[in-house]
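The values are calculated or read from the model by the stated rules, or taken from the named source; none is laboratory data. Since we're looking at a predicted model, the values are computed, not measured. A quick note on method: Cβ atoms are made from the backbone with ideal geometry, for glycine too, and the neighbour counts reach across all protein chains shown. The area values use the complete protein model at the heavy-atom level, side chains included, leaving out ligands, DNA and RNA. Shrake-Rupley method; radii C 1.70, N 1.55, O 1.52, S 1.80 Å.
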Amino acid sequence: MAYGVPVLVLKEGTQRTTGRDALRANILAARILSETLRTSLGPRGLDKMLVDSFGDVTITNDGATIVKEMEVQHPAAKLLVEVAKAQDAEVGDGTTTAVVLAGLLLEKAENLLDQEIHPTIIIEGYKEALAKALEEYDKISIKVDPKDKSMLKELARTALASKYVGSGAVLERLIDLVVEAVLTIAEPQEDGTLKVDINNVKIEKKKGESLLDTSLVKGIVLDKEVVHPSMPRRIEKAKIALLDMPLEVEKPEITAKINITSPEQIRAFLEEETRLLKDMVEKIASVGANVVICQKGIDDVAQYFLAKKGILAVRRVKRSDMEKLERATGGRIVSSIRDLTPEDLGEAELVEERKVGTDKMVFIEGCKNPKAVTILLRGANDMELDEAERSIHDALSVLRNVLKEPKIVGGGGAPEVELAMRLREHARARGGKEALAIEAYADALEEIALILAESAGLDPLDARAQLRAHHEKGLINAGVDVIQGNVLEDMVKVNIIDPTLVKKQVLKSATEAATAILKIDDIIAAAPPKKEKEKEREGEKFKF
Ligand code: ADP
Ligand code: MG
C-alpha cells in the first residue's frame, strides 16, 4: 500500500511464489519428470504405458516419446520437455539421458542450495563444468572411418538394442537394413565426411507378418492402389508425371445457377466436361508420361481415359511423398497441366502395384537418383510397428551423426565416469565456491553410469567402486555391459559405442535445462480465465 491506496500490479487471482520457494517448487517438478524416465534408460530400460485423453495407448521406453505424450502441466517440467524435444530434433538420440541428467543436476543443485550456495554460483559452476566436459569429450573420442561398415553396424546395434526390438534375428535384420539405407542415401562432402538427410529414408508401416519380414526398397513405396481396375499394374521404364492439382473439372467457387431448358443442353454440358478431362489426359500422354502420381483427386472419367491410354495412375498421395518422389525420380511437381513438359517427368526403372499383406501398395523402384529409400516395416500390431519405427529413427540419427562427425566414445557409462573423474580433478585444482558446483556436476554425470548398472542388476555402490578403480588406472573406456550384467574394462572392444556428437549434445541440453530452471526465482501464475470458472460453477449446478 502506498499512501493508503492499494496498488494492484498483478491481476486479481494471480498466484505468486517467490525466491527459494519458487526455485524448490520448480526443481521438484522437473525432478519428478526426470525420475519417471530414470528406469527407461538403456537396453534394459523398462517401458512406460501412456494413455492419452482419448484412451489411445502407447507403450515405449523412448524418452522423447514419453515426455511428448505425457501431458505435463508444471511450467518447469514443461521446460524439460522442451529440452527433450530439442535434443530429439538436434541429434535424434540421447533424449532419455538428457532428461535424466537434467534432473540429477537439479537434485545436486538442491544440496548446494541447502548449504546456502547462491544459485548464480551453481549456474556458473555448471557452465564451467560443461565447457570443460566438452573439451574432454574431444580428447577421449576415437576417430573412426566413416566407410567402415562394421563400425556402423555396431553403432546401429547400440541404438536399436536399447529399445524394444532388441534381440536375435530381428535385430540383425534391422541393423543391416538401417546401415544399407543410410549408405544408399549418403552424399559425399568435400571434407571427406558423408552427409545424410534422414528425411530421405521413408518408413512405411504395414500391419501383418512379423518384423523379420521388414524390407528395404530402393525407391519409394506408396500406401495407395492404382486407381482404376483396367489400368496397367506394372510399368517398366516409367515416365512419371507428378501433379499437385486435381484431374477433375473444377466446380465453381460460388454456386452458379445454370438454366437448362432442353435435354440437348444437358448433353452438351456433360460433353463439355468430358472433353475437358479428355484434353487433360491427352496432354499428359502427349508429353510421354506413362505414370501419373497425383496429390489430389482423379475424376472417374479421367481415370477411364488414362486407363485407355495405358497410363498407371495413383491419387491422393501425401505432399511429403510427392517431395520425396520429386527428389528420387528427378521430376518436378506441376500445378497446372498446361505447363507440363517432357522435362518435368520423373524417371524410374519400374512402377508396380504389389500386394503387401492384405493391402496393395505401389512401388517406385530403380529411380534416376537413388538417394531415397523406403523401409517397409512389417509387424504384428500397431504398437510393435510404432516402437520399431522409433528405434529405427534413433539408429538412423546415430548413423547420420557419426557420418557427420566421425568420432565415437564407449557406451554403458564409460565416458560419464571418465569425465566425472576429470571434472573432480579440475575442481580440486581450481578451488572456490564454484568448485563445489563442478563436483556436483561430476556426481550427476557419474550417476548416469550407476543407473545403467542398476538396470543391469548390479549393486550401484560396487559398480561405482569397480568403475572408479578402472578409470583411475587409465582405462578410459571401462563401463557397464548392461545386457551381460557386468563391468567391463573396455566397452569399445565389445562394440558398445555412441557417437561423440550425441553425447556432447546430451550435456549441452541437460545443462541448459538445469541452469534455466535455477535462474527462475519468481513464479507468477495468472488466474485461470473467468469463463472456465463460470463453466465449473455451471457444472456444479447440474451435479446430482
Ligand atoms: P537415450 O534416449 O538417452 O538414447 P537409451 O535408452 O537409448 O536412452 O540409452 C542410451 C544409453 O544406453 C547410452 O548411454 C548407451 O551407451 C547405453 N547402452 C546401449 N546399449 C548398451 C549395452 N549393451 N550395454 C551398456 N550400455 C548400453
Ligand atoms: Mg538411444
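Scaled to the compact-protein estimate 2.2 N^0.38 Å, what is the alpha-carbon radius of gyration of region 72-227, rounded to two decimal places?
1.41
So if we plug the beta-carbon distance of K296 and A268 into 1/(1 + (r/R0)^6) with R0 = 30 Å, what FRET efficiency do we get, rounded to 0.05? The calculated FRET efficiency here is 0.65. Under the combined filter of DSSP loop state and at most 14 neighbouring Cβ atoms within 10 Å, region 451-522 retains these GluC sites (Glu not before Pro): E489.
Suppose R0 equals 25 Å; then what is the FRET efficiency for E343 and K309 from their Cβ-Cβ distance, rounded to the nearest 0.05? Don't skip to the end; give the middle numbers.
Values: r = 20 Å, r/R0 = 0.81.
So, using R0 = 25 Å, E works out to roughly 0.80.
In the structure shown, the pairs K11/K519; K48/K147; K108/K132 are assessed against 28 Å; a Cα-Cα span above that value is assigned to K48/K147.
One quarter of the convex hull surface, Cα atoms only: what value does that give for region 90-159 in nm²? Kindly include the intermediate steps, with their values, before the conclusion.
Details: hull surface 25.3 nm².
If you wrap the Cα atoms of region 90-159 in a convex hull and average its projections, you get 6.3 nm².
Sites listed here are trypsin sites (Lys or Arg not before Pro) in region 81-173 whose DSSP assignment is loop and whose Cβ has at most 14 other Cβ atoms within 10 Å: K147.
Strictly over 22 Å apart at the Cα level, which of K85/K318; K143/K504; K206/K355; K207/K239; K318/K404; K153/K202 would you flag in this model? From K85/K318; K143/K504; K206/K355; K207/K239; K318/K404; K153/K202, over 22 Å: K85/K318; K207/K239; K318/K404.
Sequence-ordered 3J(HN,Hα) estimates for region 454-463 from the Karplus curve with 6.51, -1.76 and 1.60 and θ = phi - 60° stand at 4, 5, 8, x, 8, 6, x, 5, 4, 4 Hz, glycine and proline given as x. Measuring max minus min along each principal axis, the C-alpha atoms of region 347-394 give extents of 36, 28, 7 Å (largest first). Rg of the Cα atoms in region 233-382, relative to 2.2 N^0.38 Å, amounts to 1.20.
Computed about its Cα centre, the charge dipole of the chain is approximately 820 debye, with only Lys, Arg, Asp and Glu carrying charge at their Cβ.
For the chain, which whole percent of the accessible surface, found with a 1.4 angstrom probe, sits on carbon and sulfur atoms? Could you put the intermediate results ahead of the total?
Details: 13510 of 26740 Å².
Exposed carbon and sulfur together represent 51 percent of the surface.
Listed peptides 14-24, 492-502, 193-203 appear in the order 492-502, 193-203, 14-24 once ranked by packing, highest mean of other Cβ atoms within 10 Å at the front.
Over the Cα atoms of region 424-512, compute the convex hull volume and normalise it per residue, giving Å³. Numbers along the way, then the final one.
Numbers: hull volume 9.8 nm³, N = 89.
Hull volume over Cα atoms, normalised by residue count, gives 110 Å³.
Only helices enter the 222 nm calculation for the chain: every DSSP H run of n ≥ 4 contributes -39,500 (n - 2.57), and dividing by all residues gives -16500 deg cm²/dmol, rounded to 500.
Eigenvalues of the alpha-carbon gyration tensor of the chain, scaled by 5 and square-rooted, set the equivalent ellipsoid semi-axes at 53, 34, 20 angstrom, largest first. Please compute the net charge surrounding R31, taking Lys and Arg as +1 and Asp and Glu as -1 over other residues with Cβ under 9 Å from its Cβ. Around R31, the surrounding residues sum to -3. Per-residue Karplus couplings for region 116-127, computed as 6.51 cos²θ - 1.76 cosθ + 1.60 with θ equal to phi - 60°, are listed in order as 6, 8, 5, x, 4, 5, 5, 4, 4, x, 4, 5 Hz, Gly and Pro entered as x.
Test of the criteria: in region 238-342, which GluC sites (Glu not before Pro) are in a DSSP loop and have at most 15 other Cβ atoms within 10 angstrom of their Cβ? Could the numbers behind the result be given before it?
Values: sites: E248, E250, E253, E264, E271, E272, E273, E282, E323, E326; in loops: E248, E250, E253.
Here the sparse-neighbourhood loop sites are E250, E253.
Stokes-Einstein at 37 °C, 0.692 mPa s, Kirkwood radius from Cα pairs: D for region 321-371 in µm² s⁻¹?
Details: Rh = 12.0 Å.
Calculated translational D: 273 µm²/s.
Give me the net charge of L306's neighbourhood, meaning all other residues with Cβ under 11 Å from the Cβ of L306; Lys, Arg count +1, Asp, Glu -1. Could the numbers behind the result be given before it?
Values: positive: K278, K308, K309, R315; negative: E282, D299, D300.
Charge balance in the 11 Å sphere: +1.
For region 204-209, backbone phi angles converted through the Karplus equation (6.51, -1.76, 1.60; θ = phi - 60°) give residue-by-residue couplings of 10, 9, 9, 5, x, 6 Hz, Gly and Pro being listed as x.
Find the percent of Cα-Cα distances in region 268-335 that exceed 21 Å, and round it to a whole number.
Details: 627 of 2278 pairs.
I get 28 percent for the Cα pairs in region 268-335 exceeding 21 Å.
Using every pair of distinct Cα positions in region 162-314, the Kirkwood expression returns a hydrodynamic radius of 19.8 angstrom.
Label sites at T120 and V9, each approximated as a point 7 angstrom past Cα along Cα to Cβ, lie 1.9 nm apart. Remark: region 50-119 carries a charge dipole of roughly 60 debye about the Cα centre, counting +1 on each Lys and Arg Cβ and -1 on each Asp and Glu Cβ.
From the Cα gyration tensor of region 21-66, with a ≥ b ≥ c the square roots of its eigenvalues, which class applies: rounded if a/c is under 1.5, or else prolate if a/b is larger than b/c, or else oblate? Show your work: numbers first, answer last.
On the way: a/c = 3.87, a/b = 1.48, b/c = 2.62.
Note, shape of region 21-66 comes out oblate.
What is the Rg over Rh value, at two decimals, for region 1-102, using alpha-carbon atoms and the Kirkwood definition of Rh? Walk me through the numbers on the way to the answer.
Details: Rg = 18.3 Å, Rh = 15.6 Å.
Expressed as Rg/Rh, it is 1.17.
Considering only L377, S455, S34, and ranking their Cα positions along the charge dipole of the chain that arises from unit charges at the beta-carbon of Lys, Arg, Asp and Glu, the one farthest toward the positive end is L377. Between L106, L130, S150, the Cα set farthest toward the positive side of the dipole of region 64-152 (charges on each charged residue's Cβ, about the Cα centre) is that of S150. Modelled this way, with points 7 Å down the Cα-to-C-beta line, the labels at D213 and T184 are 1.9 nm from one another. What the Kirkwood sum gives for region 169-219 is a hydrodynamic radius of 12.4 Å, with every pair of different alpha carbons counted.
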